[in-house]
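Any read-out appearing in this document is the output of simple, stated calculations on the displayed coordinates, not a laboratory observation. Quantities reported herein were computed from a predicted structural model and do not represent experimental measurements. Glycine also receives a Cβ, built like all others from the backbone with ideal geometry; neighbour counts cover every protein chain displayed.
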Amino acid sequence: MVNLSEIEARAAAQMDAAAWGYYAGGANDEVTLRENRAAWDRLAIRFHTMVDVTARALGTTVLGQPIDFPVMVAPTAMQKLAHPEGELAMARATGASGTLMVVSTTATTSLEEVRAAATGPTWFQLYIYQDRGATRALLERARDAGYSAIVITVDAPLLGWRERDLKSGFTLPPHLTIANAVAAGSGHSRLPYGDEEGSALFKHLKALHDTALTPNDIEWARDITGLPVVVKGIVRGDDAVRAIDHGAAGVIVSNHGGRQLDSSIATARALPEVVDAVSGRGEVYVDGGIRRGTDIVKALALGARAVLVGRPPLWGLAAAGEDGVKEVLRHLRLEFDLAMALTGCTSVGELTPDLVVDA
Ligand SMILES: Cc1cc2nc3c(=O)[nH]c(=O)nc-3n(C[C@H](O)[C@H](O)[C@H](O)COP(=O)(O)O)c2cc1C
């Protein structure tokens with residue numbers, strides 16, 4: 001593989017058109033989807049020279065857990081749309097690649113089965129349901145299954161207006177279920193049918209998700225599980241501080257890959273403000289449009305502890321199952337290693353803000 005676009009094309013050719021639209025698409029006019037990429041491109045690297053870069057260390061820790069390189073797999077729903085092994089293949093490949101997978105609430109495999117298949121650390125991504133009993137049950141199950149952190153996604157009280165799904169009539173094929181929702185007894189194990197009032201997934205979220213989520217829910221989740229909580233979907237310094245003040249161990253600067261509020265700020269632009277506001281009181285991660293080793297260099301230079309990738313591992317999964325995910329992660333690692341060397345850095349700790357300016 002020369003770059004990730006190649007595996008994206010392979011995945012697109014292999015997947016059902018409606019499912020591909022669900023993976024690839026963003027909200028409304030997809031302004032943010034495009035901007036997430038463009039904003040990384042607009043940053044320029046002021047590289048060092050005359051540095052001995054013969055030996056390079058790519059590893060870091062996230063919430064104290066070592067990972068071989070600073071790229072984690074973002075939570076993405078319904079991975080069996082890409083491959084029959086779905087989340088199980090993703091978990092095996094991520095562990096074999098030396099990094100961490102965040103497992104979605106909206107998985108097509110139960111959280112216990114994913115954890116049992118995992119060969120590396122896993123965090124559980126939680127959507128807070130209106131039914132707090134069902135939500136508590138998810139948290140207890142994640143704790144008991146051996147997840148090491150909870151990631152609460154806060155940018156999806158309702159689903160963004162995803163026009164590709166509305167046009168394609170996207171829904172989950174009959175042989176797949178939203179496995180965790182089945183166990184939570186939500187009565188929404190299957191997606192309803194979409195119409196002009198909203199896509200199938202839009203209706204699923206509207207029926208289930210709690211639009212009254214507040215920072216107190218961070219403490220609630222932490223107290224139930226005894227696990228560190230990371231808040232995902234932050235693009236402002238003040239919200240990051242609210243999360244940290246309510247017990248979050250970290251935040252993920254994210255706009256959901258451009259799938260929620262269209263025209264929301266690109267994550268590369270939002271990152272410095274959040275890093276500054278958090279001021280070392282928690283870890284800051286970022287996702288959205290990370291496709292190149294140089295994007296990872298820029299993100300870490302701007303203060304991210306690590307990045308997450310959402311769509312690229314799905315491309316790998318669709319193209320070649322477990323091996324495809326490994327190929328994607330191996331390629332990102334290779335690009336990052338090269339970009340670090342050419343930046344004149346030998347470890348992630350040397351990636352500092354002075355390395356990046358607006359292009
Ligand atoms: C198909 C798909 C499904 C997603 N499902 C979830 C989810 O269930 N929970 C969540 O917090 N984020 C979800 N996300 C958002 C990702 O975690 C992540 O924020 C985003 O994909 C990062 O952008 P990227 O795809 O450009 O790397 C999803 C993204 C995609 C593309």
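Assorted remarks:
- Most fluctuating residue given options Arg259, Arg46, Arg34, as computed from a GNM of the chain linking Cα atoms under 10 Å: Arg46
- Each residue of the stretch 74-83 is assigned a 3J(HN,Hα), and the resulting list reads 5, x, 10, 6, 6, 6, 6, 5, 8, 7 Hz, derived from the Karplus form 6.51 cos²θ - 1.76 cosθ + 1.60 (θ = phi - 60°), x at Gly and Pro.
- Sequence-distant residues sharing a close amide H with Ala44 (under 5 Å, placed H): Val357, Asp358, Ala359
- Max mean-square fluctuation residue, GNM over the chain, Cα-Cα springs under 10 Å, options Ser104, Ser254, Ser168: Ser168
- Dipole check for the chain: with +1 at the C-beta of Lys and Arg, -1 at the C-beta of Asp and Glu, and the Cα centre as origin, the magnitude is about 260 Debye.
- Global geometry of the stretch 41-109, whether rounded, prolate or oblate, following the gyration tensor of its Cα atoms and the 1.5 cut on a/c: prolate
- Sparse packing (at most 15 other Cβ atoms within 10 Å of the Cβ) combined with a DSSP loop state is found for none of the chymotrypsin sites (Phe, Trp or Tyr not before Pro) in the stretch 90-176.
- Of all DSSP beta bridges in the stretch 195-326, antiparallel share, percent nearest 5: 10 percent
- Of the chymotrypsin sites (Phe, Trp or Tyr not before Pro) found in the stretch 1-103, no site is in coil according to DSSP while having at most 10 other Cβ atoms within 10 Å of its Cβ.
- Pairs from Lys167/Lys206; Lys167/Lys326; Lys80/Lys298 whose Cα-Cα separation, in the structure shown, is over 25 Å: Lys167/Lys326; Lys80/Lys298
- Ellipsoid semi-axes in whole angstrom, largest first, where each is sqrt(5λ) of the Cα gyration tensor of the chain: 30, 23, 20
- When both bridge partners sit in the chain, DSSP labels roughly 25% of those beta bridges antiparallel.
- Under 5 Å between amide hydrogens, built in the peptide plane, is the criterion, and for Leu213 it picks out nothing among residues at least 5 positions away or on other chains.
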